[in-house]
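The values are calculated or read from the model by the stated rules, or taken from the named source; none is laboratory data. These figures come from a predicted structure and were not determined experimentally. With ideal geometry, Cβ positions are generated from the backbone for all residues, glycine too; neighbour counts draw on all protein chains shown. Ligands, DNA and RNA are stripped out before the accessible areas are found, and what is left, the full protein with its side chains, is counted by its heavy atoms. Shrake-Rupley method; radii C 1.70, N 1.55, O 1.52, S 1.80 Å.
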Amino acid sequence: MQNDVATNGVCSTESVNGSCDVWSCKDSDSLSADHLVIMVHGILGSSSDWKFGAEQFVKRLPDKVFVHCSERNMSKLTLDGVDVMGERLEKEVLDIIQEKPNLRKISFVAHSVGGLVARYAIGRLYRPPKREVKEDTSGNECKEEPRGTIGGLEAVNFITVASPHLGSRGNKQVPFLFGVTAFEKAASCVIHWIFRRTGRHLFLTDDDEGKPPLLKRMLKDYDEFYFISSLCLFKRRVLYSNVGYDHIVGWRTSSIRRESELPKWEESLNETYPHIVYEEHCKACDADQYETISTEDDGSSDTLEEELVKGLSRVSWEKIDVSFHSSRLRFAAHSIIQVKDEAMHTEGADVIQHMIDHFLT
């Protein structure tokens, strides 16, 4: 059973299993919307976490987007591992695409561990370009597909918000551990008791049948999955990161930077986006530098983290740094940056606005 809700020209459908679709109530808008936006929540989250963001997208781009807030990895299902969640997300996306044949483009907006899940899912959704030109029975040639696709759709935006791309192991990547080495080592040993398989992936302690940690495998095309090729397809790859007060995901891991690369920033005076304090467009590094990425982990978190930085720098990124230092809710920065609930609408709305304003550029 589904419930249809209409508010301020925005229609949404919520089903008993928790799925949520958002689109414009105006028929002409909804018929012309050919851009699928998949929003992915974080650990122990739900589709409602992106409710505000989804509504803002449709209000601002009513004739452009159809938004689907992912629901197949909600609550405790987020503890099953990045790969298992990524496979579920892949199937969910394919179901949506099959239901709506008018879709032509696809973008992802993912929060926290959802960013890793989305990266895994697109590696499975990647469809290589058709290299052969065949003739049909009428003698007409089929057009060669110039680029690969994501589930048959053109890849546009891949956006992550406070996502731990370098994992959560050591080096102050989990701020609430205060950078104390003993705490960080202890956490890596017990994290699987709390966050189960997902915890192992985040702390890079997984060892599936002797394979390297999953986050390392996701640095390139591995086995039958196209992790790096799929990332390359997107016109834009964007990282929104908290510079401070995010006690769950550190600044470096969410912005894919080394400590020495963290920019100096000051309180923003930008009236349009008051909480965005720094923007940086990083070009892709020379791929030849990374051809020798090892598939063996020698146990050094610094060495492994450096490989993650280098591997992910093979593609270009837009890095958007966010500060809630002046906010009364700053200690909840990890949720504010997503605008997770109504109390945060006035605090983090400018981040969503920035996201939307640059979405079609």
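Here are the numbers for the structure shown:
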{"quantity": "Candidates 48, 32, 24 - the one that is polar (S, T, N, Q), more than 18 Å from the chain's Cα centre (by Cα) and open to solvent by 10 Å² or more (accessible area, probe 1.4 Å)", "calculated": "32"}
{"quantity": "Extreme residue, farthest from the chain's Cα centre (by Cα), among residues of the stretch 323-361 that are β-branched (Val, Ile, Thr), modelled with pLDDT of 95 or more and not in a helix (DSSP H, G or I)", "calculated": "339"}
{"quantity": "Looking only at the stretch 198-213, and only at residues there that are of a type in the set (Asp, Glu) and part of a loop (DSSP other than H, G, I, E, B), the one that is surrounded by the fewest Cβ atoms within 10 Å (Cβ to Cβ)", "calculated": "207"}
{"quantity": "Residue within the stretch 8-19 that is within 22 Å of residue 346 (Cα to Cα), open to solvent by 40 Å² or more (accessible area, probe 1.4 Å), in contact with a Cys (Cβ under 7 Å, 6 or more places away or on another chain) and in a loop (DSSP other than H, G, I, E, B) present", "calculated": "yes"}
{"quantity": "Residue count, the stretch 317-361 (criterion: charged (D, E, K, R) and closer than 23 Å to residue 157 by Cα)", "calculated": "6"}
{"quantity": "Pairs, first among the basic types (Lys, Arg) in the stretch 12-39, second surrounded by fewer than 22 Cβ atoms within 10 Å (Cβ to Cβ) and modelled with pLDDT of 90 or more, C-beta under 7 Å, six or more apart", "calculated": "26/62"}
{"quantity": "Which listed residue is hydrophobic (A, V, I, L, M, F, W, C), modelled with pLDDT of 95 or more and assigned to a helix (DSSP H, G or I), from 118, 155, 110", "calculated": "118"}
{"quantity": "Residue 116, sole failed condition from (1) out of contact with any strand residue (DSSP E or B) (no Cβ under 7 Å at 6 or more places or on another chain); (2) surrounded by fewer than 18 Cβ atoms within 10 Å (Cβ to Cβ); (3) not hydroxyl-bearing (Ser, Thr, Tyr)", "calculated": "(2)"}
{"quantity": "Counted residues, the stretch 305-322 - those being open to solvent by 10 Å² or more (accessible area, probe 1.4 Å) and in a loop (DSSP other than H, G, I, E, B)", "calculated": "3"}
{"quantity": "Scope the stretch 244-287; condition within 20 Å of residue 345 (Cα to Cα), among the β-branched types (Val, Ile, Thr) and surrounded by 14 or more Cβ atoms within 10 Å (Cβ to Cβ); matching residues", "calculated": "276, 277"}
{"quantity": "Within the stretch 214-233, tally of residues that are part of a loop (DSSP other than H, G, I, E, B), of a type outside the set (Lys, Arg) and at pLDDT 95 or above", "calculated": "4"}
{"quantity": "Matching residues in the stretch 48-90 - criterion: being within 13 Å of residue 111 (Cβ to Cβ) and of a type in the set (D, E, K, R)", "calculated": "49, 51"}
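Conditions (1) open to solvent by 20 Å² or more (accessible area, probe 1.4 Å); (2) of a type outside the set (A, V, I, L, M); (3) assigned to a loop (DSSP other than H, G, I, E, B), marked per residue:
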residue: 6; (1), (2), (3): yes, no, no
residue: 37; (1), (2), (3): no, no, no
residue: 54; (1), (2), (3): no, no, no
residue: 59; (1), (2), (3): yes, yes, no
residue: 72; (1), (2), (3): yes, yes, yes
